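Read-outs: derived from the displayed coordinates by stated rules, not from any lab. Everything quoted here is computed from the prediction, not taken from an experiment. Every residue, glycine among them, receives a Cβ derived from its backbone with ideal geometry; neighbour counts consider all protein chains shown.
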Amino acid sequence: MTTVGVLGIGRMGGSMARALAAAGFEIVCWNRTPAAAEALAAELGGRAVGRPAEVAAAADVCVSMLADGPAVEAVFGGVDGLLAGARPGNVLVDSSTVPPSTIRGFEAAARAVGAGLLDAPVSGSVALAQSGSLTIMVGGEAADLERARPVLDALAATVFHMGPLGSGAAMKLAVNAVIFGLNEALAEGLVLAEAAGIDRRLAYDVLAASAAGAPFVGYKRAAFLEPAATPVAFALDLAAKDLRIIAELADEVGVPMPQAATNLGVIAAASTDGRGDRDFSTVADHLRESARAEEGRPA
C-alpha cells in the first residue's frame with residue numbers, strides 16, 4: 001500500500017485526503033493547526049504528525065495544498081520542512097496556486113536528496129475533489145509523474161502533463177484567469193436580468209442552459225442563489241491573491257490582461273469592510289449594492 005502525505009487540511013486539502021483514503025491509500029497528514037490534522041486522521045484511520053519533515057519520512061508521495069507562496073516555502077524549506085525529511089524515491093507534489101518560480105526554487109534541493117518534485121495544481125470544486133474527479137495540471141519530469149500517477153489518478157478525472165517544472169502552476173493561473181472572468185460575467189448577467197424584472201432563479205436556469213453554461217455555472221448555483229446558506233468555497237481574499245499572481249506572470253511574459261485587471265478591481269472592492277472571507281460569488285451582491293447606492297436607495 002502506498003502511503004500518501006497530505007499537507008494543508010483546508011477545504012480542498014481535506015477533501016483530497018478523503019478521496020485518497022477512499023481509494024485505499026494510507027494517509028499521513030500535517031496541518032499548521034494540529035487539531036485539524038488530528039481530527040482528519042482520526043476520521044480516515046490515518047495518522048497526524050507534527051512536522052512536514054515527518055510527512056516526507058513516512059510517505060511515498062507527499063501532496064501539499066497550501067494558501068500561498070510563503071506557506072509553500074515554509075513547508076518545503078527549513079529544518080522541519082519536507083525537504084529535510086525527504087529520501088530517495090519520494091515524490092513531493094505541490095498543488096497550491098502559486099507562481100511557477102515557487103516550486104522551481106526547490107528543484108536543486110529535491111534532486112540532491114534523490115526525491116522527485118512536481119507542481120500539480122488542480123481545477124474543480126470541493127465536491128469534485130472528494131469524489132476524485134478533479135482536473136490536474138502537472139509540471140515536472142515524466143518519470144516523477146509516473147511514480148506519482150496512481151495517487152494523482154485517485155484525485156482526478158484527467159491528469160495533464162504540461163511540461164517542465166513550473167508549467168503546471170502557469171497553466172493553473174491561466175485557468176483561474178478564465179474562472180474569474182466567468183465569475184464576473186455570471187454576476188453581471190444575473191444582476192442585469194434581475195434589474196430588468198426577471199426572477200433570479202429563472203435567470204440562473206437560463207444562463208446555465210445557454211451557451212454560457214460552463215461547468216462552473218452549474219456548481220456555483222447555490223453560491224449565487226442561496227449565499228447565506230452555502231459554505232464558502234473560494235474566498236474573495238484568495239481570489240485577489242490569485243489575480244495578483246496572474247498579473248505578475250502576465251508582466252513577466254509580456255501579455256496584456258485587461259479583463260484580469262478589471263476582475264481584481266471588482267473583487268478588491270467587494271472585499272472591503274471585512275468581507276474578504278466571503279465566497280467570490282459575493283461579487284453579485286456587490287453589484288446589487290452598487291446599483292442601489294447609485295439610485296440613492298439604502299444598501
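Quickly work out the E248-to-A211 label distance, labels modelled 7 Å from Cα along the C-beta direction, and quote it in nm with one decimal.
For the pair A211/E248, the computed spacing is 3.7 nm.
Taking springs between alpha-carbon atoms closer than 10 angstrom, which of T102, T158, T135 fluctuates most in the Gaussian network model of the chain?
Highest fluctuation of the listed residues: T158.
Simple spin-label model, 7 Å along Cα-to-Cβ: A67 to R47 in nm?
Label-label distance for A67 and R47, simple model: 2.9 nm.
Given R₀ = 35 Å, what would the calculated FRET efficiency be for A23 paired with A74, taking r from the Cβ atoms and rounding to 0.05? Mind dumping the intermediate values first?
On the way: r = 29 Å, r/R0 = 0.82.
Efficiency for this residue pair is about 0.75.
For the stretch 19-102, with only Lys/Arg (+1) and Asp/Glu (-1) charged at the beta-carbon, what is the dipole magnitude about the Cα centre, in debye rounded to 20? Let's see the in-between values first.
Numbers: 4 positive and 9 negative charges, 19 e Å.
The calculated dipole for the stretch 19-102 is roughly 100 debye.
What is the spin-label model distance, in nm, from A222 to E107 if the labels are put 7 Å beyond Cα along the C-beta direction?
Between A222 and E107, the simple spin-label model gives 4.1 nm.
Between V232 and D199, what FRET efficiency follows from the Cβ-Cβ distance if R0 is 25 Å, with the result rounded to 0.05?
Working: r = 25 Å, r/R0 = 1.01.
According to the calculation, E is roughly 0.50.
Work out which helices of the chain, taken as complete DSSP H runs, extend at least 20 Å along their axis over the Cα atoms and score a mean Kyte-Doolittle of 0.5 or more, then list them. Before the final figure, lay out the partial values.
On the way: long enough: 167-195 (42 Å, 1.10); 236-253 (26 Å, 0.54).
Taking the DSSP H segments of the chain (at least 20 Å long, mean hydropathy at least 0.5), we get 167-195, 236-253.
At 0.36 nm per residue, and after removing the present C-alpha to C-alpha distance, how many nm does the segment from A291 to A58 gain when stretched out fully? Each step should come with its number before you reach the end.
On the way: separation 233, 0.36 × 233 = 83.88 nm, distance 5.51 nm.
Once the chain is fully extended between A291 and A58, it gains 78.4 nm.
Given charges of +1 on the Cβ of Lys and Arg and -1 on the Cβ of Asp and Glu, with all other atoms neutral, how large is the dipole of the chain about its Cα centre, in debye to the nearest 20?
On the way: 22 positive and 33 negative charges, 77 e Å.
So the dipole magnitude of the chain works out to roughly 360 debye.
For the chain, with a Gaussian network of springs between Cα atoms less than 10 Å apart, report the residue from L192, L155, L236 with the top mean-square fluctuation.
Maximum among the listed residues: L192.
Among V253, V217, V138, which one shows the biggest mean-square fluctuation in a GNM of the chain, springs joining Cα atoms closer than 10 Å?
Looking only at V253, V217, V138, the largest GNM fluctuation is found for V253.
Work from the charge dipole of the chain (Cβ charges, +1 for Lys and Arg, -1 for Asp and Glu, about the Cα centre) and give the residue of A291, T2, A270 farthest towards its positive end.
In the chain, that residue is T2.
For a quick check: sort F280, F106 by the number of other beta carbons within 10 angstrom, fewest at the front. Can you show the working numbers first?
Working: F280 29, F106 23.
The order, fewest Cβ neighbours first, is F106, F280.
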